[in-house]
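Some notes on the structure that comes next.
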Amino acid sequence: MHLGLLATLGLSLPSFGPPPSLCQQDHHQQQPPILVAVTRSGVQVESVEESHKGDLVIHTPFGPFRTPTDPVEIQVSSSRSSGWRKLLDSDPTASIDAIVKELDDAGLLSELAELASLLLLEEDRASTLEAVSALEAWGARIDPVPSKVPSEDRIPWLYKQIRGDRSGRRILLCGRLEAEIMENGNGVGLRQRSLSQLRDDLRSQDPLLRRLAARVAQKQMVLEPALSATIFELSLAGPEIVRDAASAFAVRTWPGHAYLWWTSVLFRSEEDLRLLAAQNLARHLPQRSALALRCAASTFAKRAPDRYPFEHLKLQVVRGRLDPPAIFHYDQAGAFYNTASTARDPLEDSSVVKIVRISPDLQAVLAGLTGAGEAEVSEDQSKRPSR
């Protein structure tokens, strides 16, 4: 039962009481209390009105939260806090993962939405993905659509609200819109976003719209090659919330292409792209990519044109970098054909695997991704030849 945060925020619940955290500072600042409904299983949800034992609907600041199989057990109140705001003001680079988790576990939706909206103002601010993901999950269970809106107009209504909102509420709305989408429709039929609508959002300057489009395309199982290629490219570009959604789309819809493309980028492309490709491989295809990541890491202590055995392979360090290869292929008439069933792993398709030597920054990342410790990184750096 996740009542730890609530217990430290002034609740008289003797069985709960972990030490206060950053989220629970500044109690001397008197503000209206937050009502929190706690369900039988321990789910905590901020409420704007009194909740009673047995309630199956909790009225949140963002719409009704329905819980038909997990009724409300008790209601408690929580004091508001400005601790996380002061932390961000004093140290914009501070890690706030723990704060995001506590706000999420405690169901303090208003504060979590405010925090997420501030994080989104800075590209790739630490903890942004965690905060956005938490709010999307809440949004999927909160229904803000007025009952008078016809079922076929629910998705357009949500999308219009998202476009017109600039607060953290729009993240919850994104979660709800995604929940409304029917799976595997490929953009055709009811409860779908069309391919042209998705294409427009993928071109948007708004990273949240690009993320939403990639997540909707994944749920709809969009297989159109040109749109898929656009999402693939976003897996190596832009803020983390976009890369995360684009990478998840790539792995669900085109896992073979994702592995081949990211591995090719890791071996021969520019260093910033190689780093992102390594992270995508480790996060989304850890088992399949383990050998490729180890091969790349092994080049750090080498220099071009070294050739050397590595496990069952022969590797060669090269200097020439290559642009990311084409993701999809077309015949001479311009028709798309799927190569996922015939394309081979680059580690199996060549007698000598060619890899550009990695930089210290990429080596440090690969050391963590492949399970190597700092001692090993230091040892490799001491062996690294000078240019």
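Read-outs: derived from the displayed coordinates by stated rules, not from any lab. Worth saying up front: this structure is predicted, and the values here are computed from it rather than measured. Backbone-built Cβ (ideal geometry, glycine too); neighbour counts: all protein chains shown.
Calculate the FRET efficiency for residue 122 and residue 56 from the Cβ-Cβ distance with a Förster distance of 41 Å, rounded to the nearest 0.05.
Approximately 0.55, to the nearest 0.05.
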Report summary line: Of the listed links 53/148; 53/160; 219/354, those spanning more than 32 angstrom between alpha carbons are 53/160; 219/354
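First measure r as the distance between the Cβ atoms of residue 310 and residue 86, then evaluate 1/(1 + (r/R0)^6) with R0 = 56 Å and state the FRET efficiency to the nearest 0.05.
Details: r = 51 Å, r/R0 = 0.90.
That pair, residue 310 with residue 86, gives E of 0.65.
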Query - Lys, Arg +1 and Asp, Glu -1 on Cβ, resulting dipole of the range 86-240 about Cα centre, debye, nearest 20 - result: 700 debye
Report summary line: Interchain or sequence-distant (5+) residues whose placed amide H lies within less than 5 Å of the amide H of residue 59 are 48, 49, 65
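Set the Förster distance to 56 Å, then compute FRET efficiency between residue 147 and residue 319 from the Cβ-Cβ distance, nearest 0.05.
The pair residue 147/residue 319 has a calculated efficiency of 0.30.
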**Report entry** Note, ³J(HN,Hα) from phi for the range 272-280, Karplus 6.51, -1.76, 1.60, rounded to Hz, x at Gly and Pro
**Finding:** 5, 6, 4, 4, 5, 5, 4, 5, 5
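For residue 285, what charge total do you get from the other residues with a beta carbon under 15 Å from its beta carbon, if Lys and Arg give +1 and Asp and Glu give -1?
Values: positive: 243, 252, 283, 288, 294; negative: 244, 345.
Within the 15 Å Cβ shell, the charges total +3.
Give me the net charge of residue 98's neighbourhood, meaning all other residues with Cβ under 11 Å from the Cβ of residue 98; Lys, Arg count +1, Asp, Glu -1. Walk me through the intermediate numbers first.
On the way: positive: 101; negative: 97, 102, 104, 105, 130.
Net local charge, residue 98 excluded: -4.
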Report summary line: As straight-line cross-link partners of residue 101, the qualifying lysines (C-alpha separation under 19 Å, not fewer than 8 residues apart within one chain) are 86
Report task. Would you grab the residues whose amide H sits under 5 Å from the one on residue 34? Only those 5+ places off in sequence or on another chain, please, with H modelled 1.01 Å from N. Result -> 78, 79, 80
